[in-house]
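Novice: The structure is given below, and queries will be raised subsequently.
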Amino acid sequence: MRKFLYKILLFVLLLCIGPAYVVYYNLKHDPYGVVLGNMETQFTEPNVRFLKVKHLINNPNKHDSYIMGSSRALKMNPDSISIPGKWYNLAYSEGLPSEHIIDLKTLLANDVQIKRLLIAVDNITYYVDDKVHSNQVPRKRYVNWHDPYFEFVFLKPDKKLKKTIEAQIDNPNKPFYDIYGTGMPQSSFKDLWATNNPEKYVANKRFEKPTWAFYYTPKVDLALKEIAQLIELCNKENIKIEFVVNPMHKATFLKQDLKEYYSFLKGLAALAPYWDFSGLNEITTNNFWYYETSHFRTVIGDRMLDIVLEGKEDTFGQRITKDNIDQVISKKKEEVLRYKEQEKE
Amino acid sequence: MLFNSVAFALFLPTVFLLYWFVFKKNLKLQNFFIVVISYFFYGWWDWKFLGLILFSTVVDYFIGRGLLHFKELKFRKLLLWTSICVNIGLLGYFKYFNFFIDNFIEAFSFLGLKLHVSTLQIILPVGISFYTFQTLSYTIDVYREKLKPTKDFIAFAAFVSFFPQLVAGPIERATNLLPQFFVKRKFNYANAMDGLRQILWGFFKKVVIADTCAEYANTIFASTDTASGSTLLIGALFFTFQIYGDFSGYSDIAIGTSRLFGFKLNQNFATPYFSRDVAEFWRRWHISLSTWFRDYVYIPLGGSRGGSFNKIRNTFIIFIVSGFWHGANWTFIVWGALNALYIMPLIISNKNRNYLNVVAEGKNLPTLRELGAMLLTFGLTVIAWIFFRSENINQAFTILKKIFSTDLFTAVAFRSSNPVGWTVLYILIMLGIDWKGRSDEHALASFGMNWNKYLRYVFYYSIALFVLYTWWNTDEQQFIYFQF
């Protein structure tokens, strides 16, 4: 027995050399911000979903109203909202309604104040399956205070991530994630550049390529079912909920199957009235209002907040209900046809 | 608790040390310790279902005692059928209730009648198909007087719940495993080391082969409507290796772990993909289930006696029941029936026992004829796995239609996060090592034994490191057979 234990011990110790280095690396660099949670030394995209929920659990009364959705909703600045409410941007990359339900339940279970929600939806909502996210470390959910540490401490150092971290250390324009404030990433560099060089900015080739991942497959029925569950949860918990459909950049908008898009709009209207900023309009067809073909600029996000929350009059966006949805869809179809014909010319 | 989890990595050394250092002196105490850790192991998944195992254990223990007490045939039969009804009833309720309800509703709607019967939200208890069959084997063997019923309830409870094989087999016969609980176990260095080698190989098959193949198979099967025939064939091949790596990997870990505790379980896989015909395949794949059906269903039905009709009927029955055992879905039933069709020509022509030895015994390479036979058998198996993996019959037929069309000659296209080339290399390494060890109980039993000691340990260390590395890159994946 002694010989056996000695051999096993030696074998296990030798086997631990690799993991020990990994633990050291992750404690030093904390690529997803989960282990140390220090945003001042965070150079890559942290696991925002985890960190935000954790932050709110630690500060249950700091906020009472939340913006949720994908990273596009991250362009809506809570500081620009002047109506009553302590707003926080709880959005994260590819955030989905089914995940919002899980996070809301976690927050409610931890006595976090929730009075109002603004849910931003778009093609990601009805094209991305939440199962895809279960394997993606930047999108892991918050379960409890100890659950993720084991996983994140032993995370294999990623070569590309390592390079990104090294490159960002001396980058003066590196983004800063204001997790503990507004919940938004802070980077004004691109906005400044766009304002100073508008012609060059809009002509950039990146605006020709739609933002589309290989795992995007339509799931409209499932998305609507999840949204219905979200509404049900909010009604039960006495939370006021409002939906907006994001203005998708024309390239990304046209990449999707428009039948799915129309069916989503119609289904959503049957569940709740909402604000629609999507389609081919003055904003979505102008590259100037976008960072790339996925994210609209913060100035657009703020404009949307003014319309939706503060009731400002604007030509951008329209209120959709189950009574006007058919009319709106017909109009949208015409706009698409007209746009495609213009493009041909 | 999953074998490929951190929890198990902490559980195993802890219980090993307690077993050999604290509970070694008293056999009853050691058996009791096995019951406690086995229930803990199972309860880690969901403690609420521990009651089911206990219920099954108590019922079969007392039925066993009753069979000793009653000599009259009608009472003995009554006891036997009570055990069968309780165990199959549990299995039927948890596993097949909704399937039958759904199919009744569909059958009536086909006749133009609308039935309003609701299905239930039933959670399938992990491993129920395995431990119910194991306890049933005890009652049947006691009824047949092949085994004396035990008085020792703790030993019997340990036999039913023995943690290494509780949730996914091998399904041990009471005649093999139960007597081992009555003998004082001694630590055997050579056995323990061999057990560790088997565990290591099991982890390689599960983590490196099954979990990486799973990613491709899942992606491809999920895109059946859009994927080309060639891509779907690749998906079916990946699933073929996934299910082998997954299930035989589990069996290797279970058998190896048992050896660490001084127990010897039966071999469950004997390099089945090197079979030369389907009959040989079924002697080498999930051996504990095949022999269970042979001994407790096929032979009581008359086996191969009584003419061709009986032979064909009995073969179809056991293959269809075996398919149904795997899951409450028509896909499994068709999978079973298809295998029965494959084996039928061999049964009718009495050629089903042509290959009782290992292929190319004593040689390094097979002959061309043997290679051809192996490839043909493998091909038939791949087709059958398509039914096994598909969500429904329609999906399986869509895949087959695409594979057996000109679509097969279009380019393979699917996206994945892992490079496919490496996975193919791992599969080839597995097949190579399996080939070398095809005559042994497991692939690493004698592989590298004639090498220099240090070289051999470098080899083991490399496998362990590789398993660890791959495990890091993938989430903990459940073993497929947990769901059966």
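The values are calculated or read from the model by the stated rules, or taken from the named source; none is laboratory data. Model, not experiment: these values are computed from the prediction. Backbone-built Cβ (ideal geometry, glycine too); neighbour counts: all protein chains shown. These area figures cover heavy atoms from the full protein model, side chains too; ligands, DNA and RNA do not enter into them. Shrake-Rupley method; radii C 1.70, N 1.55, O 1.52, S 1.80 Å.
Novice: For the stretch A:14-26, which positions are away from every other protein chain (no Cβ under 11 Å) and free of Cβ contacts under 8 Å to residues at least 60 places away in the same chain?
Specialist: Passing the criteria: A:ALA20, A:TYR21, A:TYR24.
Novice: Restricting the search to the stretch B:458-475, which residues are within 16 Å of A:LEU10 (Cα to Cα), facing chain A (nearest Cβ under 8 Å) and not hydrophobic (A, V, I, L, M, F, W, C)?
Specialist: B:TYR460, B:TYR461
Novice: Do you know which residues across the stretch B:403-443 are aliphatic (A, V, I, L, M), in a helix (DSSP H, G or I) and at pLDDT 90 or above?
Specialist: Within the stretch B:403-443, B:ILE403, B:VAL424, B:LEU425, B:ILE427, B:LEU428, B:ILE429, B:MET430, B:LEU431, B:ILE433 meet the criteria.
Novice: Which number in (1) open to solvent by 40 Å² or more (accessible area, probe 1.4 Å); (2) part of a helix (DSSP H, G or I) marks the one condition that B:TRP451 misses?
Specialist: Here B:TRP451 meets the rest and fails (2).
Novice: From the list A:ILE307, A:ILE300, A:ILE329, exactly one residue is assigned to a helix (DSSP H, G or I), in contact with a Gly (Cβ under 9 Å, 6 or more places away or on another chain) and at pLDDT 95 or above. Which is it? Walk me through it before giving the result.
Specialist: On the way: A:ILE300 fails: in contact with a Gly (Cβ under 9 Å, 6 or more places away or on another chain); A:ILE329 fails: in contact with a Gly (Cβ under 9 Å, 6 or more places away or on another chain).
Among A:ILE307, A:ILE300, A:ILE329, only A:ILE307 is assigned to a helix (DSSP H, G or I), in contact with a Gly (Cβ under 9 Å, 6 or more places away or on another chain) and at pLDDT 95 or above.
Conditions tested, residue by residue: (1) closer than 22 Å to A:LEU74 by Cα; (2) touching a Leu at 6+ places or on another chain (Cβ under 6 Å); (3) open to solvent by less than 20 Å² (accessible area, probe 1.4 Å).
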{"residue": "A:LYS259", "(1), (2), (3)": "no, no, no"}
{"residue": "A:ASP276", "(1), (2), (3)": "yes, no, yes"}
{"residue": "A:GLU282", "(1), (2), (3)": "yes, no, no"}
{"residue": "A:ASN286", "(1), (2), (3)": "yes, no, no"}
{"residue": "A:TRP289", "(1), (2), (3)": "yes, no, no"}
{"residue": "A:SER294", "(1), (2), (3)": "yes, no, yes"}
{"residue": "A:MET304", "(1), (2), (3)": "yes, no, yes"}
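Novice: I've got another one for you. Return only the number of the condition from (1) open to solvent by less than 30 Å² (accessible area, probe 1.4 Å); (2) on the phi < 0 side of the Ramachandran plot; (3) of a type outside the set (A, V, I, L, M) that B:LYS151 does not satisfy.
Specialist: If we test B:LYS151 against (1) open to solvent by less than 30 Å² (accessible area, probe 1.4 Å); (2) on the phi < 0 side of the Ramachandran plot; (3) of a type outside the set (A, V, I, L, M), just (1) comes out false.
Novice: Further question on the same structure: Scan the stretch A:154-173 and give yes if some residue there is within 14 Å of chain B (Cβ to nearest Cβ) and farther than 14 Å from A:THR44 by Cβ, otherwise no.
Specialist: yes
Novice: Another question about this same structure. Out of all the residues in the stretch B:19-35, which are surrounded by fewer than 15 Cβ atoms within 10 Å (Cβ to Cβ) and assigned to a helix (DSSP H, G or I)?
Specialist: Passing the criteria: B:PHE21, B:VAL22, B:LYS28, B:LEU29.
Novice: If you go through the stretch B:56-66 one residue at a time, do you hit one that is in the same structural domain as B:GLN134 (by TED's automatic domain parsing), within 21 Å of B:ALA157 (Cβ to Cβ) and under 22 Å from the mean Cα position of the chain (by Cα)?
Specialist: Yes, some residue in the stretch B:56-66 is in the same structural domain as B:GLN134 (by TED's automatic domain parsing), within 21 Å of B:ALA157 (Cβ to Cβ) and under 22 Å from the mean Cα position of the chain (by Cα).
Novice: Let me ask something else. Does any residue in the stretch B:455-468 that is under 22 Å from B:VAL6 (Cβ atoms) come within less than 8 Å, Cβ to Cβ, of a residue that is among the small types (Gly, Ala, Ser) six or more places away or on a different chain, and which pairs are these?
Specialist: B:LEU465/A:GLY18; B:LEU468/A:GLY18
Novice: Among the listed residues A:THR217, A:THR211, A:THR182, identify the single one that is within 14 Å of another protein chain (Cβ to nearest Cβ) and assigned to a loop (DSSP other than H, G, I, E, B).
Specialist: Exactly one of A:THR217, A:THR211, A:THR182 is within 14 Å of another protein chain (Cβ to nearest Cβ) and assigned to a loop (DSSP other than H, G, I, E, B), namely A:THR217.
Novice: Return a yes/no flag: does the stretch B:213-229 have any residue that is touching an Asp or Glu at 6+ places or on another chain (Cβ under 6 Å) and surrounded by fewer than 24 Cβ atoms within 10 Å (Cβ to Cβ).
Specialist: yes
Novice: Given the criteria over 21 Å from A:GLU151 (Cα atoms), within 21 Å of the chain's Cα centre (by Cα) and without any contact (Cβ under 8 Å) to a residue 60 or more places away in the chain, does A:TYR92 qualify?
Specialist: Working: over 21 Å from A:GLU151 (Cα atoms): no; within 21 Å of the chain's Cα centre (by Cα): yes; without any contact (Cβ under 8 Å) to a residue 60 or more places away in the chain: yes.
Criteria not met by A:TYR92.
Novice: Of the residues that sit in the stretch A:225-254 and are free of Cβ contacts under 8 Å to residues at least 60 places away in the same chain and part of a helix (DSSP H, G or I), which one is surrounded by the most Cβ atoms within 10 Å (Cβ to Cβ)?
Specialist: A:ALA251
Novice: Hey, another quick one. What single numbered condition from (1) open to solvent by 10 Å² or more (accessible area, probe 1.4 Å); (2) touching a helix residue (DSSP H, G or I) at 6+ places or on another chain (Cβ under 8 Å) fails to hold for B:PRO300?
Specialist: It is condition (2) that B:PRO300 fails.
Novice: Now, a different point. Restricting to the stretch B:36-56, count the residues that are among the β-branched types (Val, Ile, Thr) and open to solvent by less than 20 Å² (accessible area, probe 1.4 Å).
Specialist: Number satisfying all stated conditions: 2.
Novice: Just a yes or no: is a residue in the stretch A:27-35 at pLDDT 95 or above, more than 14 Å from chain B (Cβ to nearest Cβ) and in contact with a Leu (Cβ under 9 Å, 6 or more places away or on another chain)?
Specialist: no
Novice: B:ASN354: in contact (Cβ under 8 Å) with a residue 60 or more places away in the chain and surrounded by 18 or more Cβ atoms within 10 Å (Cβ to Cβ), yes or no?
Specialist: No; evaluated as a whole, the condition is false for this residue.
Novice: Still on this structure, I have one more. Sort through B:PHE16, B:PHE11 and tell me the only one that's under 18 Å from A:LEU5 (Cα atoms), surrounded by 15 or more Cβ atoms within 10 Å (Cβ to Cβ), more than 14 Å from chain A (Cβ to nearest Cβ) and at pLDDT 90 or above.
Specialist: B:PHE11
Novice: Please determine, by comparing only the residues of the stretch A:141-178 that are in a loop (DSSP other than H, G, I, E, B) and in contact with a strand residue (DSSP E or B) (Cβ under 9 Å, 6 or more places away or on another chain), which one is modelled with the lowest pLDDT. Break it down into steps so the answer makes sense when it comes.
Specialist: So in the stretch A:141-178, the residues in a loop (DSSP other than H, G, I, E, B) come out as A:141-146, A:154-158, A:170-175, A:178.
Still in the running and in contact with a strand residue (DSSP E or B) (Cβ under 9 Å, 6 or more places away or on another chain): A:175, A:178.
Details: A:PRO175: 70, A:ASP178: 90.
Checked the stretch A:141-178; the qualifying residue modelled with the lowest pLDDT is A:PRO175.
Novice: Among the listed residues B:TRP325, B:TRP385, B:TRP335, identify the single one that is open to solvent by less than 10 Å² (accessible area, probe 1.4 Å), farther than 17 Å from B:PRO272 by Cβ and in a helix (DSSP H, G or I). If you could, list the steps in order and put the result at the bottom.
Specialist: Details: B:TRP385 fails: farther than 17 Å from B:PRO272 by Cβ; B:TRP335 fails: farther than 17 Å from B:PRO272 by Cβ.
Testing whether each residue is open to solvent by less than 10 Å² (accessible area, probe 1.4 Å), farther than 17 Å from B:PRO272 by Cβ and in a helix (DSSP H, G or I) leaves just B:TRP325.
Novice: Here is a further query. State which residue is surrounded by the most Cβ atoms within 10 Å (Cβ to Cβ) when the search covers only the stretch A:123-140 and only residues that are more than 11 Å from chain B (Cβ to nearest Cβ) and touching a helix residue (DSSP H, G or I) at 6+ places or on another chain (Cβ under 6 Å). Can you show your working first?
Specialist: To start, the set of residues in the stretch A:123-140 that are more than 11 Å from chain B (Cβ to nearest Cβ) comprises A:123-128, A:130, A:133, A:138-139.
Restricting the remaining residues to those that are touching a helix residue (DSSP H, G or I) at 6+ places or on another chain (Cβ under 6 Å) gives A:125-126, A:130, A:133, A:139.
On the way: A:THR125: 27, A:TYR126: 29, A:ASP130: 19, A:HIS133: 21, A:ARG139: 21.
Ranking the candidates gives A:TYR126 first.
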